[in-house]
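Novice: Here you go, one structure.
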Amino acid sequence: MIEEEIKHDNKLIKFLLLIFVIFLILYISKETGLYEYKAYTKSKLTEEAIKKFEKDVSEGKNVSINDYVVEEYKDYSNFITRSGSKLNKIVESIMNDGIKKTLKVLSRLFYE
């Protein structure tokens, strides 16, 4: 009985330690200004793009938004997320079909 309690306590301590480590990582990244630095570099790129756009307009060049906007798209998907998405679509279609058939049967019972 006591051994089981000790095992549960160890799991709780490990979980709390993990949460604390995650907190420390986030706190240190905030205090070092990592997010602010990334935001600053993005704003600097935007300012440079605005200056380039204004220069090109004043020179009478043909301008396109694609020349001045940099899209940053990161695909974080992996095998597990893609598999989960496919499974989600399958379950959704099964549930939709099941609900439609159930409602059809109920409507026949009450309206005929």
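Novice: Ignoring ligands, DNA and RNA, please state the percent of accessible area on the chain from carbon and sulfur, probe 1.4 Å.
Specialist: Carbon-and-sulfur percentage of accessible area, whole number: 64.
Novice: Right, next: What are the ³J(HN,Hα) couplings of the stretch 83-95, residue after residue, when phi is run through the Karplus curve with 6.51, -1.76, 1.60 and θ = phi - 60°? Round to Hz, x for glycine and proline.
Specialist: Values, residue by residue: 5, x, 5, 5, 4, 4, 5, 5, 5, 4, 5, 5, 5 Hz.
Novice: Just to confirm, what accessible area per residue do you get for the chain at 1.4 Å probe, in whole Å²?
Specialist: Counting only protein heavy atoms, the per-residue value for the chain is 100 Å².
Novice: Right, something else. What are the ³J(HN,Hα) couplings of the stretch 50-55, residue after residue, when phi is run through the Karplus curve with 6.51, -1.76, 1.60 and θ = phi - 60°? Round to Hz, x for glycine and proline.
Specialist: For the stretch 50-55, the Karplus-derived couplings read 5, 4, 5, 4, 4, 5 Hz, x marking Gly and Pro.
Novice: If you don't mind, there's one more thing I want to ask. Tell me which label goes with the value of Kirkwood radius over Cα pairs in Å computed from the coordinates here: [x] 21.7; [y] 16.8; [z] 17.2.
Specialist: Of the labelled values, this structure produces [x].
Novice: Between K42 and Y68, 0.36 nm times their residue separation minus their Cα-Cα distance comes to what?
Specialist: Contour length minus the Cα-Cα distance gives 8.1 nm.
Novice: Here is a follow-up. With just the Cα atoms of the stretch 51-112, tell me how far they stretch along each of the three principal axes, in Å, largest first.
Specialist: Largest to smallest, the principal-axis extents are 75, 35, 14 Å.
Novice: Heavy-atom accessible area of K101 with all protein chains present, probe 1.4 Å, nearest 10 Å²?
Specialist: Taking all protein chains as shown, K101 has close to 140 Å².
Novice: Another one. Would you list which lysines come within 19 Å of K42, measuring only between C-alpha atoms, while excluding same-chain residues fewer than 8 positions from it?
Specialist: Qualifying lysines at Cα under 19 Å: K30, K51, K52, K74.
The values are calculated or read from the model by the stated rules, or taken from the named source; none is laboratory data. Here the structure is a predicted model, which is why all the values come from computation and not from measurement. We work out accessible area using only protein heavy atoms, side chains counted, and drop any ligands, DNA or RNA first. Shrake-Rupley method; radii C 1.70, N 1.55, O 1.52, S 1.80 Å.
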